[in-house]
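Written out below as structure tokens is the structure these notes cover.
The values are calculated or read from the model by the stated rules, or taken from the named source; none is laboratory data. These figures come from a predicted structure and were not determined experimentally. Don't worry about glycine lacking a Cβ; one is built from the backbone with ideal geometry, like all the others, and counts go over all protein chains shown.
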């Protein structure tokens, strides 16, 4: 189940209280998602961060303070087993009574499949486009109404985007990554339609297409409800939203999450959709502050929409250039901004690449004239140095977790700006 609601006794107590309820205790697994939760809770409370920004979420050991935060949490937001497999047992042991939202399993999330090979072929992008949903993003325009998120239906926009941008960069793909230029213009105009990529789980997500198919229908309905944040009716709807999410969780429960990329927070479409989901869950636990939660979510969506235009402007001058990343963690960002990588050194789970794979990627970087090879602060830069040896490629650093950023409401937009700046600077 993707979302576990508050126990009935607790919900009844909250709803029956005439006094201002205590702000719920909230725990969040990784810094980018923590930032989104902090944005929704701004002015009301502060969530606890479980995995420090500088640590790898794939492998992590809880400290006593972090275990205590989980144990005391009324609500937990986490990506899912595909990103933080160690956390599943911790949730069962420490947070058994908390309302748990698994973002990789809700219908509002668009997922992308893992990619294969040292360098990606054009058709890979198409497949990923199934992303599902660039459709949804498009509707950052509809962010407000997260009709887009129907957009995960909205993604259809993305469809418009690439008409299948979904299919990733279909056109792109055909042109191959490097044809972004052409696409870029179209795309950017659409950048509302941008990106709902679905960071599926390293180990957990199923077929993006399947996921999206399911997710599109539910997403829209829920998001629409979330829109009218100012109306009390909307708040009620949102409370219902929580129940709806529960149903979604059940739908997803039978899915085989093994093919999806879990780095879904790098999709602006997903982030925008999650703001509504977060507001709905917080409002169910704390109805006295529902107005603030939904107002903050609406403001956050508007900020993401503006951010998309800002990032497109940063990337436009270098569209069509080629780059290789350390591990396959960025395709949600790539899809959101129609800026695909040419290949990766390590697979999406950040496992150590074999000597044969390193040799393959090094050879391809030389043959293809790749412009830039990017390292990550969480991993050994030595492998990047080996790949660069004997090539003309430049190097830089991409950080999908924002390890050098201060956690909080402003962290998520700055994370995406930093990614765009690193790419632009290297290319």
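Restricting attention to segment 90-139, the residues that are at pLDDT 90 or above and over 28 Å from residue 284 (Cα atoms) total 2. Going by what's in this entry, would residue 254 be described as surrounded by fewer than 20 Cβ atoms within 10 Å (Cβ to Cβ), within 18 Å of the chain's Cα centre (by Cα), more than 22 Å from residue 42 (Cα to Cα) and at pLDDT below 90? No; evaluated as a whole, the condition is false for this residue.
Each row is one residue, and each column tells you yes or no for (1) out of contact with any strand residue (DSSP E or B) (no Cβ under 7 Å at 6 or more places or on another chain); (2) more than 22 Å from residue 338 (Cβ to Cβ).
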position: 374; (1), (2): no, no
position: 381; (1), (2): no, yes
position: 384; (1), (2): no, yes
position: 392; (1), (2): yes, yes
position: 398; (1), (2): no, no
position: 402; (1), (2): yes, yes
position: 420; (1), (2): yes, no
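Looking at segment 337-426, none of the helices (runs of 4 or more DSSP H) lying wholly inside it contains 1 or more residues that are buried (at least 23 other Cβ atoms within 10 Å of the Cβ), more than 21 Å from the chain's Cα centre (by Cα) and modelled with pLDDT of 95 or more.
Taking each residue of segment 269-287 that is on the phi > 0 side of the Ramachandran plot and part of a helix (DSSP H, G or I) and looking for partners that are surrounded by 24 or more Cβ atoms within 10 Å (Cβ to Cβ) and modelled with pLDDT under 95 with beta-carbon atoms closer than 6 Å, six or more apart or interchain, yields nothing.
When only residues in segment 318-327 that are closer than 12 Å to residue 374 by Cβ and in contact (Cβ under 8 Å) with a residue 60 or more places away in the chain count, which is surrounded by the fewest Cβ atoms within 10 Å (Cβ to Cβ)?
322
Scanning segment 305-317 for residues that are surrounded by fewer than 24 Cβ atoms within 10 Å (Cβ to Cβ) and touching a residue at least 40 places away in the same chain (Cβ under 8 Å) returns 305, 307, 309, 310, 312, 314, 315, 316, 317.
One residue alone among 279, 292 is out of contact with any helix residue (DSSP H, G or I) (no Cβ under 8 Å at 6 or more places or on another chain), at pLDDT 95 or above and over 30 Å from residue 380 (Cβ atoms), and that residue is 292.
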